[in-house]
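Coordinate-derived values only; no laboratory data. In this text the structure is predicted, and so the values were computed from the model without any measurement. All Cβ positions, glycine included, derive from the backbone under ideal geometry; neighbour counts span all protein chains shown.
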Amino acid sequence: MDDQVTFTIAVLPGDGIGPEVIAEGVSVLRAVESQLHQVRFQLQEFSVGAGEYLRNGDPLPPATLEKLKQHHAILLGAMGLPDIRWPDGVEMTPQIDIREKLDLYCGLRPIRLYHELHTPLKKYKAGEIDFLIVRESTEGLFSTRLLKHPPDANEVTDTMRITRQGSERLFRSAFEEALARRRHLTLVDKANVLPSMAFFRKVFDEAALQFPTVKTDRIYIDAASLYLVQRPETFDVLVTENMFGDILSDLAAGLVGGMGMAPSADIGDQYAVFQPSHGSAPDIAGKGMANPVATILSVQMMLEWLAHTETRRGAAIIRRVVERVLSEPKHRTRDLGGSLATAEIGDLIAQEIAEGEP
């Protein structure tokens, strides 16, 4: 056992349904751990979110942020509650604070259809919708979100900030993702109207010269929204600005069953956070109705990112088992038109993993 590797994982259950879906993600992680050779996971839980604000006056205590940096990866449930807001009326979003403070510029939002019953686009079968949205996560239209405005202001302005450095590193990541998939990358922008987006496209065109084996397209955000509904099978990797990526991620999730089927990762040069794309959904919290598949698939993404031979094998195990479990029409949570509870679908996946693959 001298060669055993231990990965430390910071676990942030958060608010609303966060603790419920995180519990299933952790259960699956432990099941995978039992199948790996000389790899172990040490988990440490931290309180971050609206609940932490109500208890101690800060949704993301500085001391907690410093402790997060000491872990190999961060697994996050959901944060924020609609009724818990700052004085200017916006919700508390410590998950965005974490992205910005840890410089997690590359947001990965994989979209995959696991069963034809999950999509409102009835001509598609499992696997026929399979693409990745790469979202810039540290600038764009979110860049001035923390600016304070007088309560009696007659005008409030948000700024779209696009930098060369931020764009170059985003595009480099997007091209590398495309190389690992089907070698097709689509830029989504609004370069016909916004100078910031014309600059964004210019930097993309320069980056494309460094990746001649990747086919590239350039589509305006409004057209991309249309094409994702009309012909999602034509997309492989899409790369876009922060706000556009936020919106397209939800639209895309709707194509494959909803937010409960949409995992995500926010990755930087040093740190990474893995979480379901959905929010805290307080209306169903505690009712066992939440779909934990997005969280389980986020665990799969985390294992892939840890980049150890065994964690990558674990990620492949999760991917195959999720595909098998969801191939059964009866294995659906309520958001997918079924009746399985949060723990029931989580148990099905964890148990099959723990029993070993056939």
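Remarks
- Candidates per GluC sites (Glu not before Pro) in region 151-229, loop by DSSP, up to 15 other Cβ within 10 Å: E155
- Projected area averaged over orientations for the chain, convex hull of C-alpha atoms, nm²: 19.1 nm²
- Cα-based equivalent ellipsoid of region 149-296: semi-axis lengths in Å, sorted from largest, via gyration tensor: 27, 23, 16
- Translational diffusion of region 225-358, estimated by Stokes-Einstein from the Kirkwood radius over alpha carbon pairs at 4 °C in a medium of 1.567 mPa s, is 80 µm² per second.
- Full extension of the chain between R319 and S47 gives 95.0 nm of extra length, using 0.36 nm per residue less the Cα-Cα distance.
- The chain: relative contact order in percent, alpha carbon pairs under 8 Å with at least 6 residues between: 23 percent
- Linear extension gain, K69 paired with R164, 0.36 nm per residue minus alpha-carbon span: 31.6 nm
- Share antiparallel - DSSP beta bridges, region 164-273, percent rounded to 5: 15 percent
- Judged by the ratio a/c of the largest to the smallest principal axis of the C-alpha gyration tensor, region 1-101 counts as prolate, that ratio being 1.5 or greater while a/b is larger than b/c.
- Under the Debye formula (equal points on every Cα, no solvent term), log10 I(q)/I(0) of region 96-199 at q = 0.10, 0.15 Å⁻¹: -0.43, -0.82
- Backbone geometry of region 77-84 corresponds, through the Karplus equation with coefficients 6.51, -1.76 and 1.60 at θ = phi - 60°, to 3J(HN,Hα) couplings of x, 7, 9, x, 9, x, 8, 9 Hz, x marking Gly and Pro.
- Among the lysines of the chain, pairs at least eight places apart or on separate chains and with Cα atoms under 24 Å apart come to 10.
- The chain, dipole about Cα centre (Lys/Arg Cβ +1, Asp/Glu Cβ -1), debye to the nearest 20: 820 debye
- Label-point separation, L179 to A153 (7 Å along Cα→Cβ), nm: 4.2 nm
- Charge dipole (debye, nearest 20) of region 188-332; +1 at Cβ of Lys and Arg, -1 at Cβ of Asp and Glu: 480 debye
- Cut-off under 5 Å, modelled amide H: who pairs with L238 long-range: L132, I133, V134, T186
- Long-range HN-HN contacts of D189 with modeled amide H, under 5 Å: I219, Y220, I221
- Maximal additional length on extending the R218-K122 stretch stands at 31.8 nm, based on 0.36 nm per residue less the C-alpha distance.
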